[in-house]
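The values are calculated or read from the model by the stated rules, or taken from the named source; none is laboratory data. Keep in mind it's a predicted model, so treat the numbers as computed, not measured. Counting neighbours? That spans all protein chains shown, and the Cβs are built from the backbone with ideal geometry, glycine included.
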Amino acid sequence: MTIKELENRTGMTRANIRFYEGEGLLSPRRLDNGYRDYSEEDARTLEKIKLLRQLQLDIDTIRKVQRGALSLEQALFTQTTKLEGDRALIERAAAVCRELERSGVEYAALEPRPWLAQLQAPPQSSLPGAPPAAPENGEADERDFVPQACYHPWMRYFARTLDMALYDTLINVVWLLLFRDLGFAWLRAENALVAILWGTAMLALTLALEPLWLHYWGWTPGKWLFGLKLRDKDGEKLSIEQGWERSWQLAWEGYGWNIPLWSAWRFWKNRQDALEGWNGSWNGEGACRYTKEERRFDVWAFAEARAALAAALVLAMLWSMLPPCRGELDMPEFARNYNHCLRVAEYRGETSTPILDDQGRWVERKQPGTVSFGLFGDTTVYEEPKYTVSGGVTAVTLRMSSQDKAVGGALRESLVLLSLSRSAGGLNLFNVLTAQEEANRLLDRWEDFEDDFLGVHISQRVEAVGYEPTEAFGASLWCEDESQPHHCEKTVTLSIPEQNGRFSPPPGQARADGSKGGA
């Protein structure tokens, strides 16, 4: 490509092209006859130079960018800062010109000091025709002399809330996955003091990690989502020291360390400062500066991010509700599943039900002696469970008897049902939330029946003398006249189907192959 063709291609003059060659920004190939041969890459280089020059970058800066000594991002950041500063100065000068013109003052009577103070201070409204009053002590407030721009305060606020929500979710998810402790998140919601302490801990964690994000990555997750880039005045990422100092000031002056009343005051004060264009002392009075990259649908992205965090927390909570052991269960594993289901039920309000030890025997937790369960008495007795063990616990038989006036409830049976269902693979994340209630409703039937539930077969036999069904206390039995003989017995066998489709027989009942189930 000849220089004439290059002129037509780029819109530059021959003199400009020779100038950039002389500055070392362009190095065309030389032909044997000494003429320059410009390539497509040379044309693109000139177009890049033309673009950057029209953005008012100087030759030396463009040279550094070409050589890799300075990134384009840093160069543009510095130039943006300069251009915005120039624009602010021009706008301020134009405003002072208009006010000075409206004042009608003659040159001989002009008092320059108030107008010079106006040029140095951020633009403020004043009465038409009157210059701003100079401070009585002849010195302007330091805050008024520092050009500030409160850049997207609400975006910054929501970006920080997203960061805090991220850390809160991660801690809760890790806790639930490690300890399966459902009460952890609920405890904070029910206790105001714990909620305040937790909020303060989350704030401290956020502000401790933020300097690391800003130094090594240049963003925090929340700021990245909104396209808010925080850099120092030279366009560089913040140092660790700058980040720590900024976080400490933000914790105290921005959030008031979540101290009641003081924190509310700080929020209100920061809002008023933002309305006046003040950017917060934690940004170092201009030492730290925000720019924004374009992000489409910021609001939707924020909503989707919060929804994703909420979904992660819900999934972790559901997972923590599942019994921990799957597949073939030995007796300690079965007992662990049962006790875990009992703990989940207790979080829902169920109490005072015995646990199982590693041998699968009832262990009364509140008072030693007879294990009882009833609405109005202590004569409901559960025998020790009987187990079928074939490569693992495959069937459990529970037998109870009662002479109470009212008999109801099937919590132990439903807990055994859920434990076996987890072993059989029927209980999972998608049904664990409603499985307890459905199991209770299914087993709280005081009649003979057989049914299947989440991979477990249920066989129930009930013998009741002197009782009538009633719905007064849920599905239960009621004795109208305690002076008359009344007695109730219930036997429930819960079993996992075998591979060939048959169900495991109850303990003590012969299998088809002649073997027997046993404890």
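Details
- Among the conditions (1) modelled with pLDDT of 85 or more; (2) under 49 Å from the mean Cα position of the chain (by Cα); (3) surrounded by 15 or more Cβ atoms within 10 Å (Cβ to Cβ); (4) not hydrophobic (A, V, I, L, M, F, W, C), the only one that Arg9 does not satisfy is (2).
- Restricting attention to the range 78-108 and to residues that are closer than 28 Å to Ile49 by Cβ and either of a type in the set (S, T, N, Q) or not assigned by TED's automatic domain parsing to the domain that holds Leu119 (or both), the residue that is farthest from the chain's Cα centre (by Cα) turns out to be Gln79.
- Inspection of the range 87-103 identifies no residue that is modelled with pLDDT of 85 or more, outside any helix (DSSP H, G or I) and not basic (Lys, Arg).
- The residue pairs whose first member lies in the range 356-367 and is within 16 Å of Glu333 (Cα to Cα), whose second member is modelled with pLDDT under 80, and whose beta carbons are closer than 6 Å, counting only pairs six or more residues apart or on different chains, are Trp362/Val371.
- The criterion of being in a helix (DSSP H, G or I), of a type in the set (Phe, Trp, Tyr) and at pLDDT 85 or above does not hold for Trp175.
- Those residues of the range 5-21 which are within 15 Å of Gln66 (Cα to Cα) and free of Cβ contacts under 8 Å to residues at least 24 places away in the same chain, in sequence order: Glu21
- Any pair with Cβ under 8 angstrom, 6 or more apart, that starts in the range 36-58 at a residue that is in contact (Cβ under 8 Å) with a residue 24 or more places away in the chain and within 13 Å of Tyr20 (Cβ to Cβ) and ends at one that is in a helix (DSSP H, G or I) and among the aromatic types (Phe, Trp, Tyr): Leu46/Tyr20; Ile49/Tyr20
- For the criterion of being at pLDDT 90 or above and part of a loop (DSSP other than H, G, I, E, B), Leu427 passes.
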